[in-house]
Each structure stands twice: as structure tokens, then as C-alpha cells.
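Have a look at the structure below before the remarks.
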Amino acid sequence: MNQNHQVESGIVLISTLLMLAALLALFAAFYSITRIEFATTRASKNSASGFAVAEAGLNLRAEEIRATFLDYNRPTGIAPVNNLACQGTNQGSGDFTCQDFEFGKHIATTYVSEDSNNPIQTTVPSGELYQNLAAQEYRYSIRSTAKNPQSEVEALLELRFKSRLIPLFQFVAFYDKDLEILPGPDMTLSGPIHTNGDLYLDTNSSLNIGGQVTVAGDLFRGRKDDSSCNKKTVAVKDPANYLSIMPNCNSRTQVQSSDLPPWNGMIRVGVEPLTVPQPEMLDSTPGSAYWDKADLRLALHLDSSNNPDLSFSSLAIEVRNTDNSVNTSATTFLEACPGLIDAAHAVGNSYSFFNNRETKFIKMLEVDLQGLLDCIHSSNLAGGLSALMNGKALNEESEGGLVLYLAVDGPDSYSIANSYGVRLRNAAELQSSLPSAPLVKGITVVTNQAIYSAGDYNIQNKIPAALMADSFNVLSNNWNFSDVPSTNAIGQRQATNTAINAAILAGTDSTGGVDGSNGRGVGKYNGGLENYPRFHENWSSKTLTYRGSFVSLGTPLHVDGEWKYGGPQYTAPNRNWDYDTDFNDAANLPPMTPRFVYLRQELFVREFEQ
């Protein structure tokens, strides 16, 4: 019995030990599985964190590349050697150098390399945004390595992308704000249209648009200043035929994305807003793009009382260096060019231009443009320190042609609603009249004040040309340069037919004083695209012929007079206006044409370490 009891006790002990062993095995297996799951979860979390960090590094470097192009520069430098990149002295240089970005306790190490074939001249393919526009395309690769606090690699990413530079002057109208097109007589615009704001289309007769229409905001059939919609023809090509937009509208109506398939991509709303240069790029200060790159800078110098400052010039008009100092030898030569510039328009009301929209006299820097080209060439023939453009000839083309900056340097140069302006005359042909002078390839005239184009512009032997200013004013071939009639009744300011061939960049007013929905249905009409040029004469039955491109990057900084029609201001011309199709060829664009830059991804790759 005792023996049996001992046997049973031994069996129980062995069974207990076996159960304990089994339990221990289960606990060990559970612990192992838990560790594996925990490690897997942690690895997955680290992998996801590393991916996000590396991707953020890619995006930051890509944005740096895009931003570099906005300032009329291009990325430069040397990429690190791919093998062991960003280690030791293998850091690269310039815009391509290795760069770290910290995200909490994680670091993304990035560098950029450039395609050796850059740049490539291309055309945006049909069906894409901004289709058929000429573009300069640069290709880059960015590599980004994410590391954790222990310096362990968590993710390796590579982004290959195209940076496309598209000239703004390839649009018949490009606005960085709300755009309203509400013509009275028939109007056909053959080029593309873009706005970073809302677009309002209406007409009293018919409006036909032949290019692609891209809208970052909302598209409306009807007016912005009130809720009306005229039952007239507003049509956009599909791209083969013109299709009317909401021909039976009764009031201002938003055009929805669901309404747009019949246009086969020729109308797109809600597109990504484009980053464009800001109006400050026209500033007459060192560091501003057009001031720095100008081949010649002229400034009407006014003293603290807004009278001509004769310290350096008997005409108060000076040639300026890049640092804004006076080039005395060139200024002396400039004074010797007869009839080239006129200081009288800066002195006293009797010789000043009266702007009826602003209701004030304007102190003018007036330039005979062909005379200025003659003077530049003569200064080169004279040689030495007298050269107006530091020895550059009229056929200079480092920026695609000549860039001339015309400034008014006075106490109110950067004041809101000042009384300054620049007037151009004798510009029907933008070439020197001297037989020995080389031909100008293209010419861009820039000022950060109001510009007044008097008479025909660039109609003889047309060349690529642009006018960039705070606001754009047109005076006809019949304008009386004594300026006395500008204060008289509108009937005494009779215009005659005039033609302009030039791209224009200038500020435009906003209906309601603000863009977007807050300006809708309130305030006064800004005049629309049809009144982008500011008129000062009786144009009834006369025609302004215009070929070019209208770009508006904001509201004017130095004029605040509201758009008014009739009365002492102006009556409208017949508008024979359209896009200059010569701009479709990048070789025919004006010097320093502003551009927008957008990136298009080619390849996104994640690499895994061996």
C-alpha cells in the first residue's frame, strides 16, 4: 500500500513538473511572440517616422530649388559624390550641398544633383495644365536619409523632378488676384488666361476665349460688383470649337467642376495657386531684381520739397550705378544728348501732366526713347568712362536684350498715392536712328512708378518689348505735349488711332477694394481687363490696337484713384486687342520676362539597406 502510494505520489510530481514545464514553455513562447510583436511594431513605427522625416527633407529641398528660380537665378554648385555622400569632406557645395533638417529627435540628411543636360527647351504637352506653352525645364534629383537619435538609418528616399519655368507673357491675361473680363463690344482673346483668384466672365456683346482657362479660385458667369449676368455669348474653345458658358444665366452663377467636361480640360478651376514674383521686384533699390540687372538706370532726382535736385545734373536726371550712387561721367554725357530727356515736367503745374483719375498734377520723368538709344550708342563711340551702359552695346542680350530702369527718386517714391510718373515718347520704332548703331534684340522698360506711353509703341520693325510699372497709362498719337489740355474738358482731349505692341505688367484695382468673396457685390467696379490701360482722352470712334500680354501681380502701390468713365476722365476706344502670338516662341519674349515655376514629379523611390 505504501509502495502504491509512493508510486502515485511520484506520478503526481512528474505530472506537476511536466505541467510546469509546459506552462513555462507557453510563457516563453508568449514572451517571445510579444517581443517579436513589440519589435515589429517599433520597427514599423520607426520606419513610418523615418519615411515621414525623409519625405519632409525632400519637400524642403525641392521648395528651395523652386524658390531660387523665382529671383531670376538658377541653382548652382557641385553635388557630393554619390558614394559615401555627406560623409567627411564629401559635402558638395552651393545649392546642391548636403543639408540637415531636424524633426524632433530625427534628422533628414539631404543633397541635390542636377541633370547634366539642363536646361531643356520644351513645350508643355496637350492635356496638361498650361498646355502648349513654351517652358524651360530643369531636372534634379534629391536624396534624403532619415536617422533616429541613435544615428541608425530609418529611411532612404529619392525624388526626381522637373522644375518648369513658364513665362507670364505667354498668357493674354495673367492675374495674381481676381480677374474680371466684361467687355462692351465684341472681344476675342486668343491666348490662355490664368488667375490665382476668382474669374468673372460677362459681356454686353460677345466674348470668345481661344486659350486654356485656369482658375485657382472660383469661376463665375456674371459680374463681381453686382449679381447680374448678361445673356450674351461667353465662349471658350473645347479646344476645336467655341462652346458657350451658361448662355441662359439670369444672375451671377458659379461654374462648377461638374459643368466643365465638355471643354476637355480647356477650363480648369481649383488649380494650385502659382507662386509668382511680387510687385516689390520693381523697386528702385539695390537688391531688387530689375534694378540690379538693368543695363541702364536713369533717375529724376527731386529734393525734400519735390523740386528738381540739381546737385549732380542741370536737368536733375542722373545715371545711377547698381548701388544707387550717381555715375557722374555718364550723367554728364547724358546731358549733352539734345532733346533726350525733359526736366520741365518736374517743375510747376503749368508744365505738369494733370491726371483726371487721380485729380492731381504729376511730376514727370519724360524720355524720348529713340533718342535715348541714340545717346547710348554715341556714348559707346566716345568710349571711356562716358559710356552710359558701361560699354555694353545696343545689341546686348545677356538678359535677352536691353533692360532700362527709369526711376523717380524723391521723398514720396515709396508713398501711397504719390504724384510721380514716367512718360515715354518717340517709341514707334525701338531702334537707334543712327546708321552705324547695332540692332536692339529686345527691350524692357521698368519703373516702380506710373508709366505713360505716349503715341505708337513698337509698331515699326517690331521687336520683343515689355513695359513694367506700378500702373499703365495710354496717351494717343494726338496728345499735346504742352500738357495744358489735360486739365481741360474731355472734348478738348481728342484721341487719334494708336497702336502698341508690348507685354505689360502693372497693378490693377480690385472691385470692392478686396479680392475674393468679401469684395463680391460691394464697392465700385474696377474697370475689368478692358480697362487695364488707363485712358485720359476722348477715344470715341477711335481705335487702340494692342498686341501683347496683360499681367497684374497686385493693386498699384502709388495711385489710388477709382476707375471712372466719362466726365473729365475719358471715353473708351474701339478695342482691337489680342494676345501677341509671337510670344509662343520663347526666342520672341521680352528681356527678363517674369515667370512662374512649378515642379512636376518624375520618380519617387524608397531604397532599403542591404
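Report whether or not residue 232 is of a type outside the set (A, V, I, L, M), surrounded by 14 or more Cβ atoms within 10 Å (Cβ to Cβ) and under 30 Å from residue 379 (Cα atoms).
Values: of a type outside the set (A, V, I, L, M): yes; surrounded by 14 or more Cβ atoms within 10 Å (Cβ to Cβ): yes; under 30 Å from residue 379 (Cα atoms): no.
Criteria not met by residue 232.
Looking at (1) at pLDDT 95 or above; (2) touching a Gly at 6+ places or on another chain (Cβ under 8 Å), which is the one condition that is false for residue 214?
For residue 214, the exception is condition (2).
Does residue 279 satisfy the condition of being modelled with pLDDT under 95, crowded, with 16+ Cβ neighbours inside 10 Å and over 29 Å from the mean Cα position of the chain (by Cα)?
Working: modelled with pLDDT under 95: yes; crowded, with 16+ Cβ neighbours inside 10 Å: yes; over 29 Å from the mean Cα position of the chain (by Cα): no.
So residue 279 fails the test.
Going through region 477-487 one residue at a time, which ones are among the polar types (S, T, N, Q) and either at pLDDT 80 or above or surrounded by 13 or more Cβ atoms within 10 Å (Cβ to Cβ) (or both)? Give the steps one after another, and end with the answer.
Residues of region 477-487 among the polar types (S, T, N, Q): 477-478, 480, 482, 486-487.
Selection gives 477, 478, 480, 486, 487.
Please enumerate the residues belonging to region 348-406 that are among the basic types (Lys, Arg) and over 18 Å from residue 322 (Cα atoms). Reasoning before the result, please.
Pass one, region 348-406, residues among the basic types (Lys, Arg): 357, 360, 363, 392.
Passing the criteria: 357, 360, 363.
With the requirement that a residue be aromatic (Phe, Trp, Tyr) and over 27 Å from residue 416 (Cα atoms), what does region 455-504 give you?
Kept after step one, since they are aromatic (Phe, Trp, Tyr), are these residues of region 455-504: 457, 472, 479, 481.
Within region 455-504, 457, 479 meet the criteria.
Can you name every one of the strands (runs of 3 or more DSSP E) wholly within region 84-135 that holds 1 or more residues which are among the acidic types (Asp, Glu)? Step through it out loud before you land on a result.
Working: elements: 99-103, 106-114, 120-123.
Ranges flagged: 99-103, 106-114.
So in region 494-521, with the set limited to residues that are in a loop (DSSP other than H, G, I, E, B) and free of Cβ contacts under 8 Å to residues at least 60 places away in the same chain, which one is surrounded by the fewest Cβ atoms within 10 Å (Cβ to Cβ)? Before you say what the answer is, go through the steps one by one.
So the first thing to find is which residues in region 494-521 are in a loop (DSSP other than H, G, I, E, B), and the list is 495-497, 506-510, 514-516, 520-521.
Imposing the further condition that a residue be free of Cβ contacts under 8 Å to residues at least 60 places away in the same chain reduces the set to 496-497, 506, 509, 514.
Working: 496: 13, 497: 17, 506: 24, 509: 24, 514: 15.
Checked region 494-521; the qualifying residue surrounded by the fewest Cβ atoms within 10 Å (Cβ to Cβ) is 496.
Only one of 54, 79 is in a helix (DSSP H, G or I), closer than 30 Å to residue 136 by Cα and modelled with pLDDT of 85 or more; which? Break it down stepwise before answering.
Numbers: 79 fails: in a helix (DSSP H, G or I).
The match here is 54.
Considering only region 389-448, give the strands (runs of 3 or more DSSP E) lying wholly within it that have at least 2 residues that are surrounded by 20 or more Cβ atoms within 10 Å (Cβ to Cβ), at pLDDT below 95 and out of contact with any Ser or Thr (no Cβ under 6 Å at 6 or more places or on another chain).
On the way: elements: 402-409, 420-425, 443-446.
Answer list for region 389-448: 420-425.
Is it the case that residue 87 is out of contact with any Cys (no Cβ under 7 Å at 6 or more places or on another chain), farther than 23 Å from residue 116 by Cβ and modelled with pLDDT of 90 or more?
Numbers: out of contact with any Cys (no Cβ under 7 Å at 6 or more places or on another chain): yes; farther than 23 Å from residue 116 by Cβ: yes; modelled with pLDDT of 90 or more: yes.
The answer is yes for residue 87.
Within the group 597, 605, 551, 559, which residue is crowded, with 23+ Cβ neighbours inside 10 Å and outside any loop (DSSP other than H, G, I, E, B)?
Details: 597 fails: crowded, with 23+ Cβ neighbours inside 10 Å; 605 fails: crowded, with 23+ Cβ neighbours inside 10 Å; 559 fails: outside any loop (DSSP other than H, G, I, E, B).
Checking each option against the conditions leaves just 551.
Based on what the data block shows, is residue 78 touching a helix residue (DSSP H, G or I) at 6+ places or on another chain (Cβ under 8 Å) and in contact (Cβ under 8 Å) with a residue 40 or more places away in the chain?
Here the answer is no, as residue 78 does not meet what is asked.
Could you run through region 276-324 and say how many residues are in the same structural domain as residue 404 (by TED's automatic domain parsing), among the polar types (S, T, N, Q) and either closer than 18 Å to residue 450 by Cβ or touching a Phe, Trp or Tyr at 6+ places or on another chain (Cβ under 6 Å) (or both)?
1
Is it true that some residue in region 297-317 is of a type outside the set (Phe, Trp, Tyr) and assigned to a helix (DSSP H, G or I)?
First, the residues of region 297-317 that are of a type outside the set (Phe, Trp, Tyr): 297-311, 313-317.
Remaining after also requiring assigned to a helix (DSSP H, G or I): none.
No - not one qualifying residue is present in region 297-317.
Quick check: is even one residue across region 365-386 closer than 14 Å to residue 470 by Cβ and of a type in the set (Val, Ile, Thr)? Don't jump to the end; show me each part of the working.
Taking region 365-386 first, the residues closer than 14 Å to residue 470 by Cβ are 365.
After this cut, where a residue has to be of a type in the set (Val, Ile, Thr) as well, the list is none.
The answer is no, given that none of the residues of region 365-386 is closer than 14 Å to residue 470 by Cβ and of a type in the set (Val, Ile, Thr).
Return the residue satisfying two criteria in turn: it lies in region 168-179 and is in contact with a Leu (Cβ under 7 Å, 6 or more places away or on another chain) and assigned to a strand (DSSP E or B), and of such residues it is surrounded by the most Cβ atoms within 10 Å (Cβ to Cβ).
If we filter region 168-179 for residues that are in contact with a Leu (Cβ under 7 Å, 6 or more places away or on another chain), which is where we start, we get 169-170, 172-174, 176, 179.
Those left that are additionally assigned to a strand (DSSP E or B): 173-174, 179.
Working: 173: 23, 174: 28, 179: 26.
Among them, the one singled out is 174.
Can you name the residue in region 236-271 that is hydroxyl-bearing (Ser, Thr, Tyr), in contact (Cβ under 8 Å) with a residue 24 or more places away in the chain and closer than 20 Å to residue 180 by Cβ and, of all such residues, is surrounded by the most Cβ atoms within 10 Å (Cβ to Cβ)?
Quick first cut of region 236-271, residues hydroxyl-bearing (Ser, Thr, Tyr) only: 242, 244, 251, 253, 257-258.
Filter once more, so that each one left must be in contact (Cβ under 8 Å) with a residue 24 or more places away in the chain: 242, 251, 253.
Subsequent filtering for residues that are closer than 20 Å to residue 180 by Cβ retains 251, 253.
On the way: 251: 11, 253: 16.
Only one residue tops the list, namely 253.
Go through 183, 192 for me and flag whichever is in contact with a Phe, Trp or Tyr (Cβ under 8 Å, 6 or more places away or on another chain) and either surrounded by fewer than 19 Cβ atoms within 10 Å (Cβ to Cβ) or not hydrophobic (A, V, I, L, M, F, W, C) (or both).
Details: 183 fails: in contact with a Phe, Trp or Tyr (Cβ under 8 Å, 6 or more places away or on another chain).
Testing whether each residue is in contact with a Phe, Trp or Tyr (Cβ under 8 Å, 6 or more places away or on another chain) and either surrounded by fewer than 19 Cβ atoms within 10 Å (Cβ to Cβ) or not hydrophobic (A, V, I, L, M, F, W, C) (or both) leaves just 192.
In region 211-268, what residues are closer than 22 Å to residue 169 by Cα and either part of a loop (DSSP other than H, G, I, E, B) or over 30 Å from the mean Cα position of the chain (by Cα) (or both)?
Once the filter is applied, which keeps residues that are closer than 22 Å to residue 169 by Cα and either part of a loop (DSSP other than H, G, I, E, B) or over 30 Å from the mean Cα position of the chain (by Cα) (or both), region 211-268 yields 211, 212, 216, 217, 239, 265, 266.
Can you report the number of residues in region 173-199 which are farther than 23 Å from residue 595 by Cα and in contact (Cβ under 8 Å) with a residue 60 or more places away in the chain?
Residues of region 173-199 that are farther than 23 Å from residue 595 by Cα, as a first pass: 182-188.
Then drop every residue that is not in contact (Cβ under 8 Å) with a residue 60 or more places away in the chain, which leaves 182-185, 187-188.
Number satisfying all stated conditions: 6.
Residues in region 136-165 that are farther than 18 Å from residue 61 by Cα, in contact with a His (Cβ under 9 Å, 6 or more places away or on another chain) and not in a loop (DSSP other than H, G, I, E, B): how many? Give the derivation first.
In the first step, residues of region 136-165 are kept if they are farther than 18 Å from residue 61 by Cα; the result is 136, 148-154.
From what's left, in contact with a His (Cβ under 9 Å, 6 or more places away or on another chain): 148-149, 154.
When the remaining residues are screened for being not in a loop (DSSP other than H, G, I, E, B), the result is 154.
Looking only at that region, the number is 1.
Cβ contacts < 6 Å: first residue closer than 17 Å to residue 135 by Cβ, restricted to region 151-172; second residue aromatic (Phe, Trp, Tyr), any location; separation 6+ or different chain. Result?
Matching pairs, first to second residue: 163/138; 164/598; 165/69; 166/130; 166/596; 168/174; 169/583; 170/583.
The values are calculated or read from the model by the stated rules, or taken from the named source; none is laboratory data. These numbers come from a predicted model, not from an experiment. Quick reminder, even Gly has a Cβ in these numbers, built from the backbone with ideal geometry, and neighbours come from all protein chains shown.
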